[in-house]
Amino acid sequence: MLEALLEAVTDSLKLIPFLFVTYLLMGILERAASDRSRDLIAKAGKVGPLWGSLIGVIPQCGLSVAASYFYVGKVITLGTLIAIYMSTSDEMLPIFLAEHVAPATIAKIMAAKVAIGIVSGFTIELLFGWIAKRRHIPDSYTGEIGTGCNCAADLLIDSIRRTLKVFLLILLISVVIELSVHSIGIGRISELFLGMPILGELVAGLIGLIPNCAASVVISELYLEGAIGVGPMMSGLLVSAGVGLLVLCKENHHWKQNVMVIGILYGTSVLWGILIETFIV
C-alpha cells in the first residue's frame with residue numbers, strides 16, 4: 001500500500017510543469033479572447049447555440065459563469081446556455097495534455113463536445129425555448145467575471161494558483177484511486193461503470209454536476225485510469241458546467257426553473273453518453 005501511495009504522489013508531482021505551461025498558455029488565450037467571446041455570445045441571437053458551443057470549447061476561465069449571468073438577465077436563451085455548459089472543458093484539457101494523451105484523441109473529444117453542444121442547444125431551443133426569451137442585448141458584459149490587472153505578473157500568479165489547485169485535486173484523487181485499487185481491485189471498480197449498462201453514465205453524470213472544477217478532474221482521472229469508458233466520461237464532462245451552475249442557482253430566484261435547467265442538462269448529457277457507449281464505442 002505504501003508503494004501505491006508513493007507512486008500516486010510521484011506521478012502527480014511529474015504533472016506540475018506540464019500543468020503550469022498549459023495554464024500559462026491558456027491564460028494568454030483567455031485574456032486575448034474572453035471579452036470578445038462574451039460579446040459574440042450575447043449578440044448571437046437565433047444562432048446562439050452555434051456560437052455558444054464553438055466559443056465554449058475554447059479554454060476560458062469563467063465563461064460558464066458569464067453564461068449563467070446572461071441567462072438570468074435573459075440576454076441568452078436556454079438553448080445557448082446549455083450549449084455553452086456542454087461544450088466547456090474545465091480541467092479536462094490541461095489534465096489530458098499533462099498526461100500526454102494523444103492529440104488526436106483530445107481533438108476528437110473536444111470536437112464531439114462542440115457537435116453535441118450545437119445539436120442539443122438547438123433541440124432544447126425548439127422544445128424548451130419558452131422558458132427564457134432574450135430580453136435585451138448589452139453593449140458589453142460587465143458581470144462579476146475576472147479580476148486583476150491582466151498584466152504578466154497577474155497571469156503568472158493565476159497560472160501558479162490554478163496549477164497548485166488542480167495538482168492537489170489530482171493528488172487527492174490519485175491517492176483515493178490507488179487505495180481503492182489496492183483494497184478492492186480495479187476490476188470491481190470498473191464493473192460499476194463498465195459492467196452495468198446505463199448506470200455508469202448516470203453515476204458519472206452525478207459526479208459531473210458537482211459545481212467545482214473537482215468534477216472534471218475526477219471524471220478525467222477515472223477515464224485515464226481505465227475505471228470508466230468513453231460513454232460515462234462524456235456524460236460526466238458534458239454535464240460539468242463548474243461554478244456556472246452555482247451562479248445560476250444563486251442569481252436566479254426561480255428555483256423550479258433552476259431544477260428544470262439542471263435536469264435538462266443532466267438528462268441530455270446522460271443520454272448522449274449512453275448513445276456514444278452503445279453505438280460508437
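Derivation of every value follows stated rules applied to the coordinates shown; laboratory data play no part. None of these values were measured; they are calculated from a predicted model. Please note: Cβ atoms are built from the backbone with ideal geometry, for glycine as well, and neighbour counts cover all protein chains shown.
Where a Cα-Cα gap under 21 Å defines reach, which lysines qualify for LYS165, not counting those fewer than 8 residues away within the same chain?
Correct list for LYS165: LYS14.
Can you compute 3J(HN,Hα) from phi for each residue in the stretch 264-277, using the Karplus curve 6.51 cos²θ - 1.76 cosθ + 1.60 with θ = phi - 60°, rounded to whole Hz and x for Gly and Pro?
Each residue of the stretch 264-277 in turn: 5, 4, 5, x, 5, 5, 5, 4, 4, x, 5, 4, 5, 5 Hz.
Which of the lysines could be linked to LYS43 by a straight reach, that is with a Cα gap under 21 Å, when you skip same-chain ones fewer than 8 residues away?
Within the straight-line cut-off, LYS43 pairs with LYS74, LYS133.
What's the FRET efficiency of LYS250 with ASN212 using the Cβ-Cβ distance as r and R₀ = 22 Å, to the nearest 0.05?
0.95
What is the gain in length, in nm to one decimal, between ILE198 and VAL176 on full extension, counting 0.36 nm per residue of separation less the C-alpha to C-alpha distance?
5.5 nm
Ordered by packing density, taken as the mean number of other Cβ atoms within 10 Å over each peptide's residues, highest first, how do 101-112, 258-269, 68-79 rank?
So the peptides 101-112, 258-269, 68-79, ranked by packing, come out 68-79, 258-269, 101-112.
Taking the mean number of other Cβ atoms within 10 Å as a proxy for protection, how do you rank 206-212, 251-257 from highest to lowest?
Final packing ranking: 206-212, 251-257.
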